[in-house]
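Visitor: For reference, the structure I am asking about is given below.
The values are calculated or read from the model by the stated rules, or taken from the named source; none is laboratory data. Please read all numbers here as calculations on a predicted model, not as lab measurements. Every residue, glycine as well, gets a Cβ built from its backbone with ideal geometry; the counts of neighbours run over all protein chains shown.
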Amino acid sequence: MNNLRNTTAVANQSGAMEADTISKNGLVIKNKIEIPYKLKVFGIGILTVAAGAIFKSCQPEENLTPQQHDTEYGISRTDMSAVNSDNISKIKASADSSAVRYVYIVPQGNWNKRNISSLIEQGLKPAIAISPKVKGKNNFENVYVTEQDSLWLTINGWTVNQY
């Protein structure tokens with residue numbers, strides 16, 4: 001025969017479970033259940049992992065856009081006109097394309113102590129100004145540049161005289 005009418009359980013501030021059981025005659029019996037610390041930490045960890053898995057699966061799918069690619073335009077010391085008005089228009093067309101992620105201007109070969117200040121002013125600066133997608137890539141090897149030009153080159157993605 002069961003003399004217990006109603007049982008309620010609550011957690012106190014220390015994390016211990018306290019259960020109040022009311023018997024048929026109206027007496028309240030206090031029961032205290034202590035949960036070990038390791039079990040509490042383990043339980044919280046399991047709940048966190050489970051919640052993370054549930055929320056991860058509820059995220060919307062990413063936009064299904066066509067695969068983007070990078071485009072590179074090479075320049076060499078023998079053909080510094082590679083960044084001329086014709087190529088600037090090609091660079092602009094590439095930068096405007098949604099299929100292109102970045103447009104890189106890539107120096108090629110050894111520059112034999114060549115001063116590239118005119119290349120920077122007449123070719124690279126106008127090309128970089130086209131779009132934030134246009135960036136420098138790789139190293140200007142064995143060139144002569146001023147400190148200002150060197151700083152400008154490194155800010156825009158190139159390295160200078162790195163062997």
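Visitor: State which residue is nearest to ARG101 (Cα to Cα) when the search covers only the range 119-159 and only residues that are touching a helix residue (DSSP H, G or I) at 6+ places or on another chain (Cβ under 6 Å) and crowded, with 20+ Cβ neighbours inside 10 Å.
Guide: Filtering the range 119-159 for residues that are touching a helix residue (DSSP H, G or I) at 6+ places or on another chain (Cβ under 6 Å) and crowded, with 20+ Cβ neighbours inside 10 Å, the one nearest to ARG101 (Cα to Cα) comes out as VAL134.
Visitor: Restricting to the range 86-142, name every residue that is touching a residue at least 40 places away in the same chain (Cβ under 8 Å) and under 23 Å from the mean Cα position of the chain (by Cα).
Guide: Result: TYR104, VAL134, LYS137.
Visitor: Which of the residues spanning the range 72-102 are modelled with pLDDT of 80 or more and within 19 Å of TRP158 (Cβ to Cβ)?
Guide: Selection gives GLU72, TYR73, GLY74, ILE75, ILE88, ILE91, SER94, ALA95, ARG101, TYR102.
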